Amino acid sequence: MPRPQRLSDATILLLLIAIVAVFSIVTPAGTFLSLSNAESILLTASQLLILSCGITFLLIAGGLDLSIGSITIFSAVVVAKVMGALAGTAAQAADFHYPNLGVAITVAIVCGLLVGAGWGAVNGLLAVKLRIPPFIATLATGGIVLGLASVWTNGQNVQNVPLPFQSSFGLGKLFEVIPWSIVIAAVVTAVFWVVLSKTRFGLHTYAMGANLEAARRAGVNVRRHMVLLYVGTGALCGIVAVLDVARFSTASITSHSGDALSAIAAVVIGGTSLFGGRGRISGTVVGALIPAVLQSGFVIMDVQPFWQNVAVGVVLLVAVYVDQVKIRAQERT
Amino acid sequence: MKDSADLAVRVRGVRKRYGHVEALRGVDLDIAPGEIHALLGDNGAGKSTLVKVLAGAVTPDEGTVEINGVPHRFTGPRDAQAAGIETVYQDLALAPTLPPDANLFLGREPARPGLLGRLGFVDRKAMRAEAATHLRQLNSKIQDLGAEVGSMSGGQKQAVAVARAAMWGSALIMMDEPTAALGVAQTESVLELIRRIRDEKGLPVLLISHNLPDVFRVADRCTVLRLGRRVLTARMSDVTSTDLIRAMTGADTLSPTGERAAEPR
Amino acid sequence: MSFLARTHPSSRRNPMKRTIPALAASALAVCLLAGCGGTSSADDAGGGSAAGKKIVMLLNDQFDPYYLTLVAGAEAEAKKQGFDFSWQAPSTLDVASQTQLLQSVAARKPDGIIMSALDAKAMIAPMKQVMAQGIPIITVDADVADPSARLATVTSDGEAAGRLAAQTMDKLLGGKGKVAFEGYTPGTSSTDARLKGWQEGLKQTGLEYVAERYDATDLTTIAGTVSAVLKRYPDLAGIFTNWTNPTLGAAQAVQAAGRSDKVKIVGFDASPDEVSLLKRGLVAALIIQKPGDMGSRAVSDLAAYLKDGTKPQSVSLDAVVATQENINDPAVSAYFYKAGKK
């Protein structure tokens, strides 16, 4: 919402356009620059984008969540287990026969979202009620949640996810054109963009990160607001979990381990301040796309895979440096 | 003595004890409508506790507070705000990454009409327009209404905070050391702003300050506290800075005009 | 107590970075302690039958199906021999914590130890120390460089398995076509060995090796990489993956690109997911090592030694190939990894 963001938004967008332009030139025609590749890139970025929307709000408000990867895994386990258990007996599943498919899918999705939101509430209460710094609180819950998921599943991928869930939803497309993951990521992003930039809730989110005491004195219920942000982020983990189970027809304990840091990187690259009070969803969209674009481009260019990490790291450093310069410029006055 | 209904603020016998320390020992205070009233006193005299009582941040153990003749008992800052009292704290309580309009309306954002408003949508256009009008009325020197408040000068930040108080206050504006951190030119513009609140909005201002020259330039009357009690209330035209310093340090409890400290006017 | 903290799972063999919290770890530690601490201290008399003897297995992961299958094989054999059997895994993948774990286990004087060595050189000295106390060690899955630091070793040959993957791909593609690799980031000996064997094996074939990509464990990232490889090589004919997650991710990406009928995936490991993909024809073949056989072999070797001092022969077990044709053959399906039950 604050206007001075526009400059850095434009900078990061230009950087993305430049990266796309370079890859388009140096790769064989019809490989990188093609509709189907754009679809692959968006598909890869969609989960990160959804999680990054939650992290954008949290960072702006002065919070942090390192447990989103673990919550996603836990929720995915819930989704996969519930769906597998309700769809039919093990014997029926072995024949790929699922008598209660509709109920199973509906209940599993609801459970996944609720469990994600529930863990988010735990984070929120730890950070707000017990006043544990969010870095430590969510680091700890991340470990606990992942540990419980591991104990529950014995570290095994969860089996017996009904195959139609993957074939019709995970591999399915809206109007046979846009994969569902991308559609859902777009809807989530749009909702979060509107809430952040158009509503009282969004304004208060900025105010809390800019000056928590000022927001409190102005009558913002800062504690409830912060808890809600953690709950919302947890619910987003639930959404990603549903998409993950749909795509891979399993819940893997080892997936998503780097999600928290990837999301923070994407959000910061997109111009959101690590110090709170500043940030925009539009920047986050660009920030979440950059790693996926670099991955696709480097693979297609046949560049050593590790260069992708180098490139994302460099972009992240530049983004944080710009942020700090801004803060210093402000403190000087 | 004036009828209490004619006073904007009337404080009587307010006591506040923190453990063994009695911060206020039966303080009285009278603020007339539309006056700039300075609150003076050495450190520990009870100024900030009295301000907190009026801001609703502290509930007194004893005593009464009347606003425009109506008795009030504040149990929180919201109560004081509801009674029309706004406070500009020394830290200004601004959100530095937000523009002036968002700061002016923080916590009281206007909703969009209709369904959108009920969904929590903010009417940014109205916010910006009202903020512009209001700032113009106070003749503040803020040009870019879209700039982050954090990027503004100290005087401009002060102006935003004062403007916010003036915008929402209807009974009293309190300012805690508004010029403490400012340079000469900026101090001048803040004092001008304080006068404008009185002249344009007709609101009384309670000014807490250590800076006697500033007080003499802007205040109509003053009250001096010492050790939790009122020792002097006088028109600025009736006292000299020596009188005030004596009152603050306890060298004399009588004003040069012979006015009794306990009796205003 | 430090022992509690040391039972975190983690894996040298399979690339899984995990943080298991103290809570879960302690719960597990309690189970493990209960499992291994119940018997009386060992008598040094020794000799005679294996019945009642205590053996302890030290592994690198508690949850990996590969290790669970290994444990299951060892446990079954131990039961047959009448051993008192327990197993443990260290918290972090470093030599120091494995050394500590080894020493604390040795201090309880078991009759024999079966372990997977975290480092081929650094573990030599601590293992020799334990051997010198008269506790025999058999290494399993991963050996040390000095044969005198253990009694014998039972490993499975990762390089040979990689070569087998290349031969399998060659056969599937009829000797020609473009192939790619997607696997775990280099630096882990087991997955590295499979990649090395695959690279060597490919030289004996007419296949064209166009892309070699690595990722960590995340399925979405893996699928993204494979999607881009598919984009770059529209005529790609085969993909080899060197552990479970790339197999799952590659299958998803190929399916999403609508090229399941054109791209053959040769996967690695035999977790239930992978077997399901094989059943459905989304994976053409799985290269399967024999962790269960390793476990039972190590225990029976130890039993023979404890009985009459027979010095066991070190062995390296080969891998099997599962395809849709032989999927129901018990000689093959016996090697599918167990879904984790402890």
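Summary of computed values
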{"read-out": "Selected residue [among the charged types (D, E, K, R) and open to solvent by less than 10 Å² (accessible area, probe 1.4 Å)] from B:ASP61, B:ASP101", "value": "B:ASP101"}
{"read-out": "Only one of A:LEU146, A:LEU139 that is out of contact with any Asp or Glu (no Cβ under 6 Å at 6 or more places or on another chain), within 12 Å of chain C (Cβ to nearest Cβ), in contact (Cβ under 8 Å) with a residue 60 or more places away in the chain and open to solvent by 50 Å² or more (accessible area, probe 1.4 Å)", "value": "A:LEU139"}
{"read-out": "Candidate set from segment B:120-135 (those that are in a helix (DSSP H, G or I) and surrounded by 16 or more Cβ atoms within 10 Å (Cβ to Cβ)); member that is nearest to the other protein chains (Cβ to nearest Cβ)", "value": "B:ARG124"}
{"read-out": "Only one of C:ASP170, C:ASP235 that is open to solvent by less than 50 Å² (accessible area, probe 1.4 Å), at pLDDT 90 or above and among the acidic types (Asp, Glu)", "value": "C:ASP170"}
{"read-out": "From the options C:SER260, C:SER296, residue that is within 24 Å of C:ASN60 (Cβ to Cβ) and of a type in the set (Gly, Ala, Ser)", "value": "C:SER296"}
{"read-out": "Test set (1) away from chain B (no Cβ under 14 Å); (2) over 17 Å from A:ALA61 (Cα atoms) - A:LEU229 fails condition number", "value": "(2)"}
{"read-out": "Boolean, A:LEU163 is under 17 Å from A:ILE109 (Cα atoms) and within 13 Å of chain C (Cβ to nearest Cβ)", "value": "yes"}
{"read-out": "Spans of helices (runs of 4 or more DSSP H) in segment A:201-302 with at least 1 residues under 13 Å from the mean Cα position of the chain (by Cα)", "value": "A:222-248, A:259-269, A:281-301"}
{"read-out": "Yes/no for C:GLY206 being outside any helix (DSSP H, G or I), open to solvent by 10 Å² or more (accessible area, probe 1.4 Å) and touching a helix residue (DSSP H, G or I) at 6+ places or on another chain (Cβ under 8 Å)", "value": "yes"}
{"read-out": "Given (1) more than 9 Å from chain C (Cβ to nearest Cβ); (2) closer than 21 Å to A:VAL110 by Cβ, index of the condition A:GLN47 fails", "value": "(1)"}
{"read-out": "Residue check, B:VAL184 buried (at least 23 other Cβ atoms within 10 Å of the Cβ) and closer than 30 Å to B:ASP101 by Cβ", "value": "no"}
{"read-out": "Boolean, A:ILE109 is more than 9 Å from chain C (Cβ to nearest Cβ) and assigned to a loop (DSSP other than H, G, I, E, B)", "value": "no"}
{"read-out": "Test: B:ALA80 is open to solvent by less than 10 Å² (accessible area, probe 1.4 Å), modelled with pLDDT under 90 and assigned to a helix (DSSP H, G or I)", "value": "yes"}
{"read-out": "Hits in segment B:84-98 - residues which are under 20 Å from the mean Cα position of the chain (by Cα) and either open to solvent by 20 Å² or more (accessible area, probe 1.4 Å) or not hydrophobic (A, V, I, L, M, F, W, C) (or both)", "value": "B:GLY84, B:GLU86, B:THR87, B:TYR89, B:GLN90, B:ASP91, B:LEU92"}
{"read-out": "Evaluation of C:GLY187 against (1) under 21 Å from C:ALA166 (Cβ atoms); (2) within 14 Å of chain A (Cβ to nearest Cβ) (one fails), failing number", "value": "(1)"}
{"read-out": "Options C:TYR214, C:TYR209: the member that is within 14 Å of another protein chain (Cβ to nearest Cβ), farther than 25 Å from C:ALA142 by Cβ and aromatic (Phe, Trp, Tyr)", "value": "C:TYR209"}
{"read-out": "Filter result (facing another protein chain (nearest Cβ under 7 Å) and either of a type in the set (A, V, I, L, M) or more than 18 Å from A:VAL227 (Cβ to Cβ) (or both)) within segment A:197-211", "value": "A:LYS198, A:LEU203, A:ALA207, A:ALA210, A:ASN211"}
{"read-out": "Selection status of A:MET226, open to solvent by 10 Å² or more (accessible area, probe 1.4 Å) and modelled with pLDDT of 90 or more", "value": "yes"}
{"read-out": "Residue match in segment C:311-327 (condition: in contact (Cβ under 8 Å) with a residue 12 or more places away in the chain and part of a helix (DSSP H, G or I))", "value": "no"}
{"read-out": "Any hit, segment A:175-188, residues being within 13 Å of chain C (Cβ to nearest Cβ) and either of a type in the set (D, E, K, R) or without any contact (Cβ under 8 Å) to a residue 12 or more places away in the chain (or both)", "value": "yes"}
{"read-out": "Any chance B:LEU145 is in contact (Cβ under 8 Å) with a residue 24 or more places away in the chain and assigned to a loop (DSSP other than H, G, I, E, B)", "value": "yes"}
{"read-out": "Hey, A:SER75 out of contact with any Ser or Thr (no Cβ under 9 Å at 6 or more places or on another chain), within 14 Å of chain C (Cβ to nearest Cβ) and assigned to a helix (DSSP H, G or I) or not", "value": "no"}
{"read-out": "Of residues in segment B:104-116 being touching a residue at least 40 places away in the same chain (Cβ under 8 Å) and facing chain A (nearest Cβ under 8 Å), the one least open to solvent (accessible area, probe 1.4 Å)", "value": "B:LEU106"}
{"read-out": "Residues satisfying the stated conditions in segment A:243-277, i.e. touching a Pro at 6+ places or on another chain (Cβ under 9 Å) and within 14 Å of chain B (Cβ to nearest Cβ)", "value": "A:GLY277"}
{"read-out": "Residue within segment B:153-166 that is in a loop (DSSP other than H, G, I, E, B) and crowded, with 21+ Cβ neighbours inside 10 Å present", "value": "no"}
{"read-out": "Which numbered condition B:ALA55 fails, given (1) open to solvent by 70 Å² or more (accessible area, probe 1.4 Å); (2) under 28 Å from B:MET167 (Cα atoms)", "value": "(1)"}
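Rundown of residues vs (1) away from chain A (no Cβ under 14 Å); (2) of a type in the set (A, V, I, L, M, F, W, C), yes/no style:
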{"position": "C:TRP243", "(1), (2)": "no, yes"}
{"position": "C:GLN255", "(1), (2)": "no, no"}
{"position": "C:VAL263", "(1), (2)": "yes, yes"}
{"position": "C:PRO272", "(1), (2)": "no, no"}
{"position": "C:LYS290", "(1), (2)": "yes, no"}
{"position": "C:MET294", "(1), (2)": "yes, yes"}
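Residue by residue, here is whether (1) crowded, with 17+ Cβ neighbours inside 10 Å; (2) assigned to a helix (DSSP H, G or I) holds:
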| residue | (1), (2) |
| --- | --- |
| A:LEU126 | yes, yes |
| A:LEU130 | no, no |
| A:PHE135 | no, yes |
| A:GLN156 | yes, no |
| A:GLN166 | yes, yes |
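Per-residue answers, yes or no, for (1) surrounded by fewer than 24 Cβ atoms within 10 Å (Cβ to Cβ); (2) touching a residue at least 40 places away in the same chain (Cβ under 8 Å); (3) touching a Pro at 6+ places or on another chain (Cβ under 6 Å):
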position	(1), (2), (3)
C:ASP141	no, yes, no
C:ALA145	yes, no, no
C:GLY162	no, yes, no
C:GLY183	no, yes, yes
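The values are calculated or read from the model by the stated rules, or taken from the named source; none is laboratory data. The structure presented is a predicted model; accordingly, all values stated were derived computationally and were not measured. As a convention, Cβ positions derive from the backbone with ideal geometry for all residues, glycine included, and neighbour counts pool all protein chains shown. Protein only, heavy atoms only, side chains kept; ligands, DNA and RNA dropped before computing areas. Shrake-Rupley method; radii C 1.70, N 1.55, O 1.52, S 1.80 Å.
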